[in-house]
Amino acid sequence: MKQANTLPGFMKSQTFILFLVFIALNIFFALMSDHFFQLGNYFNMLKQSSALLLTAAAATMLMMTGNFDLSASANLAFSGVLYALLAAAGLPLLLAALITLAAGMGFGLINGLLVTRWEISPFIATLGMMFIGNGLALVVCGGQSVRSGLPDNFRNLMNAELLGLPVPILIALVGCTLFWVLTNRTLIGKYAMAIGSNRNAAVLSGINVNAITLGLFVAVALMASLSGIMTASRIGAGDPRIYEFFFMDVVVAIMLGGTPLSGGRGSIIGTLIAAMIVIVIGNGLSMLNVLIFWQTIIKGVILIVAMILNEKVKFGSRVVATTPPADRSVANQATSVAAQ
Amino acid sequence: MDGSNILEIRDVGKAFPGVVALKGVSFDIKRNTVHCIVGENGAGKSTFIKILTGVHERSSGEITLDGKPFAPTRVRDAMAAGISVLYQELNVVDELTIAGNLTLGQEAHSFGFPKQDTAILEKAAGILASFDESISMDTLVGSLSVAQKQVVEITKALCSDCAVLVMDEPTASLSLGETRKLFDTVARLKASGVTIIFISHKLDEIFENGDYITIFRDGEMIETRSLEGLERSDLVRMMLGKVVVNDYVPSPAIQTETALEVRNATTRKLRNVSFDLQKGEILGFYGLVGAGKTEVCEILYGHPCAGEIRVKGKATRLDDVRKSLKAGLALVPEERREAGIFGLLGIRQNIPLMNMANVKSHGLVRRAEENRLADHYIDALSIAARDREHQVSLLSGGNQQKVVIAKCLNRDSDIILMDEPTRGVDVGAKQEIHDIIRELAGQGKSIIVFTSELQEVVQLCDRIALMYDGALRQIVQNGPDLDTDHIMKLVAGEEIEA
């Protein structure tokens, strides 16, 4: 009975530890740099990271089912270029965005069908789509960034404000809230967890495993595509080579946030705090004039530490689940032997 | 028709490419009984269960469930019709609570937001409490024992109003106390009107819980009858079929020198197993599935046990494969493809793998030496192959087995363990492998054969160790006056007056 509370307690505390780390980092950088602890800087950080937060929230749900999407970076680059091209061709921005989202959604449909219908491993399927997407991004623009001919309002999306808050922050807020509700308040979240924990049990319980997996692939693709539009708007261009390590950042956030690669459990809040930790470290180190190269190394170290933490959690739960019955039966066996 | 049958099975057959697994079986299962199904490996009982539960589609025949035609094509169909299965692999979600598991897939909701459905939850809680009052619905399933998880699964099946519950070796991973609890559960299920199809290799469990029994052998239904008045040895005789005792030739070179002594070996499955193995002798281990043959093999090859093992008079621990090899034991494993061969490599590369020392010089593999070894064994064991580079996975089962034996022989071990040495090989190759085994014994090697074929032990082995429920009941001497009835009584667990 006591063991029943160990696992969620630990997970809660893992998120809590992340939160403490986040606070500590903020205090550290605030003390080290005069420019860090200012509202403008925080808005800046959130604007830059809104795309990451959105996609990481969606990808956390997908990861809970034991799946992931390596092609998110390629989708982002392709969507950015397509959006810029359509805008430069004179389409109204809203229409250009809708067409881009539809195209980006295609990535998710293909990924999802490859994984669910043709039973290709998500690693292979989405790796293939990553190459295809990267190639497509270069093909549609001839390898050149799309900068000329863009309408004046192209950058408005990322620079506008609503209710005193920058629009990209609002978009991220709405999106992340949506995914939190989906995960924690709807059956989709419960089913995603069940699929990752014991796929067979989910199938036998009548859960449409393929539909949910496919839907989550599409959700991640939509968020990656929206991220492409937002990034293009932020830099004022469609760059086919932008943000190559986008998916890696997403993975760092998810892993550090406490969602294992194999799925079965996950925390949107954990992912978001972890993403913010990565962002704060990047921003803070820049303020301290630490070379960007070092930041990359630090990201790698963080990912490995996150993995070790996750392994420890998994190991702990395995011990709880299997040891007691095994021990007991050995003991019973021994007494029955002694009785003879 | 007669309303007392919940299931009527008529001429149900299943053919897979190249093999007929089920040859048109017909029998009835009476409502509200515990109906046992028994048979040795390959008898067709799992194929039958898979047809019944919608995993396989039958090739021929008819099934009626509750008077209505029944032809499930998916597991969901069978469940919807009221047939649920308690698999050996438990299908629960560890990360959810019991309540979460019991409602999984059936939740009441509006627009995907779950609604508290007290009616379902109360029903589930009531069923759960009838089995185990100590666990609360809010307990995380990951923290439960295997037996408790089984209770959760049974509860889930009952929540969806199952009429027939198939239990596939439900006690395989349970302790004794948990097994008792499960039997109570079976009794309670029966009392509540559920029909149970109970599959087990343990005869004790069958006689304790069952009302009726169906015996399968070689894809055929041998008999369906009441368990009342059935003798264990008759049951075993029906499971095993007729055994012809002939062509046993005593090994010529049996010496009084003891090669291996095992004293009071005890593990989770084994109880006080003691035996000796002489030099030049073929000793057979025989018992029904689950009697403990595999476990005896394991304690000689890498698994720890309590008790004492002496190799050539010297106390030795064999709890690591390397130690066993070093002590002079080698194993021809049961699972040839998984544990015996390196399928993608040729014969030449396979043979030296257990003992690279004799093809190695200065840390490099000498091709010429490999070739010599391969040619030697291809000739000595008459391996039918194109040449020594023939990829082993493409050889026939019998020839693959010969490659595995060659691999062991190259090790030059004095004691050779053979687990199911002729499973999945054709009749001719079987004879050849038996000849090889006899020849090895003639050369003074000691051989232990573990087999689930009674025919094989009586044909091949000098002495036969009979296992039942983890205990070695008796070692009988093979010879012209061997009594197979006596053997069947022992492996069936019947009491024998001393």
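Coordinate-derived values only; no laboratory data. All values reported here derive from a predicted model rather than from experimental measurement. Glycine gets a Cβ as well: all are built from the backbone with ideal geometry, and neighbour counts include every protein chain shown.
Inter-chain neighbour count for A:195-208: the average number of beta-carbon atoms from partner chains within 10 Å of each residue's beta-carbon is 6. Residues in segment B:269-275 carry Karplus couplings, in order, of 9, 9, 10, 6, 8, 10, 6 Hz; the curve used is 6.51 cos²θ - 1.76 cosθ + 1.60 with θ = phi - 60°, and Gly or Pro positions show x.
The phi-based Karplus calculation (6.51 cos²θ - 1.76 cosθ + 1.60; θ = phi - 60°) puts the 3J(HN,Hα) values of segment B:293-301 at 4, 4, 5, 5, 4, 5, 6, 8, 9 Hz, whole numbers, x for Gly and Pro. Using only alpha carbons, segment A:40-175 has a radius of gyration to Kirkwood radius ratio (Rg to Rh) of 1.00. Counting DSSP beta bridges in the protein assembly as shown, what percent are antiparallel, to the nearest 5? So the antiparallel bridges amount to about 60 percent of the total. Exposure proxy ranking for B:LYS489, B:LYS123, based on other Cβ atoms within 10 angstrom of each Cβ and starting from the fewest, stands as B:LYS123, B:LYS489. The mean count of C-beta atoms from other chains within 10 Å of the C-beta of residues in B:168-180, rounded to a whole number, is 3. Using Cα atoms only, what is the angle between the long axis of helix A:72-88 and the major principal axis of chain A, expressed in degrees (0 to 90) to the nearest 10? With both axes taken from Cα atoms, the answer is about 20 degrees. The calculated Kirkwood hydrodynamic radius for chain A is 21.4 Å, given to one decimal from all distinct C-alpha pairs. When the protein assembly as shown is described by a simple charge dipole with +1 on each Lys and Arg Cβ and -1 on each Asp and Glu Cβ, the residue from B:GLY241, B:LEU288, A:GLY228 located farthest towards its positive end is A:GLY228.
Evaluated over the Cα positions of segment A:124-174, the convex hull gives a direction-averaged projected area, one quarter of its surface, of 5.7 nm².
Given in Å, the Rg to one decimal and the Dmax to the nearest whole number for the Cα atoms of segment A:228-291 are 14.3, 40.
For B:HIS56, neighbours were defined as the other residues whose beta-carbon sits under 14 Å from its Cβ, and their charges (Lys and Arg +1, Asp and Glu -1) total +3.
Of the chymotrypsin sites (Phe, Trp or Tyr not before Pro) in segment B:47-146, the ones in a loop by DSSP (not H, G, I, E or B) with at most 12 other beta carbons within 10 Å are B:PHE111. The separation of segment B:138-155 from segment A:19-58, counted between C-alpha centres, amounts to 43 Å. Counting charges near B:ASN101 (Lys, Arg +1; Asp, Glu -1) among other residues having Cβ under 12 Å from its Cβ returns a value of -2. Compared with the rule-of-thumb size 2.2 N^0.38 Å for a compact globular protein, chain B has a Cα radius of gyration ratio of 1.11.
Between B:ARG263 and B:GLU338, residue separation times 0.36 nm minus the direct Cα-Cα distance comes to 23.9 nm. Helices meeting the span-like rule in chain B (full DSSP H runs, Cα extent of at least 15 Å along the helix axis, mean Kyte-Doolittle score of 0.0 or higher): B:118-131, B:146-159, B:397-409. 3J(HN,Hα) along segment A:47-60: 4, 5, 9, 4, 4, 4, 4, 4, 5, 5, 4, 5, 5, 5 Hz, from the Karplus curve 6.51 cos²θ - 1.76 cosθ + 1.60 with θ = phi - 60°, whole Hz, x for Gly and Pro.
Lys-Lys pairs in chain A that are eight or more residues apart or on separate chains and whose Cα atoms lie under 30 Å of each other come to 14.
Past the 20 Å Cα-Cα mark, which pairs from B:LYS156/B:LYS202; B:LYS202/B:LYS269; B:LYS23/B:LYS68; B:LYS123/B:LYS149; B:LYS269/B:LYS293? From B:LYS156/B:LYS202; B:LYS202/B:LYS269; B:LYS23/B:LYS68; B:LYS123/B:LYS149; B:LYS269/B:LYS293, over 20 Å: B:LYS156/B:LYS202; B:LYS23/B:LYS68. With Cα atoms defining each centre, segment B:431-470 and segment A:214-248 are spaced 67 Å apart in the structure.
Within segment B:372-451, the GluC sites (Glu not before Pro) that combine a DSSP coil assignment with at most 15 other C-beta atoms in a 10 angstrom radius are B:GLU389.
Placing dummy labels 7 Å off each Cα toward the beta-carbon, the span from A:LEU31 to B:LYS314 is 6.5 nm.
With a Förster radius of 41 Å applied to the C-beta separation of B:ASP161 and A:ASN289, the computed FRET efficiency comes to 0.05. Cα centroid distance between segment B:46-111 and segment A:190-210, in Å? Each part reduced to its Cα centre gives a spacing of 14 Å.
Taking a straight Cα-Cα cut-off under 14 Å and skipping sequence neighbours fewer than 8 places away in the same chain, the aspartates and glutamates within cross-link reach of B:LYS279 are B:GLU257, B:GLU261, B:ASP414, B:GLU439, B:ASP462. Working from the Cα coordinates of the protein assembly as shown, the gyration tensor eigenvalues give, after taking √(5λ), semi-axes of 59, 35, 26 Å in decreasing order. Based on the convex hull around the alpha carbon atoms, segment B:262-372 presents an average projected area of 9.0 nm².
Spin-label pair B:ALA71-A:PHE131: with each label point 7 Å from Cα along the Cα-Cβ axis, the two points sit 4.5 nm from one another. Taking max minus min of the alpha-carbon positions on each principal axis, segment B:180-302 gives extents of 61, 35, 24 Å, largest first.
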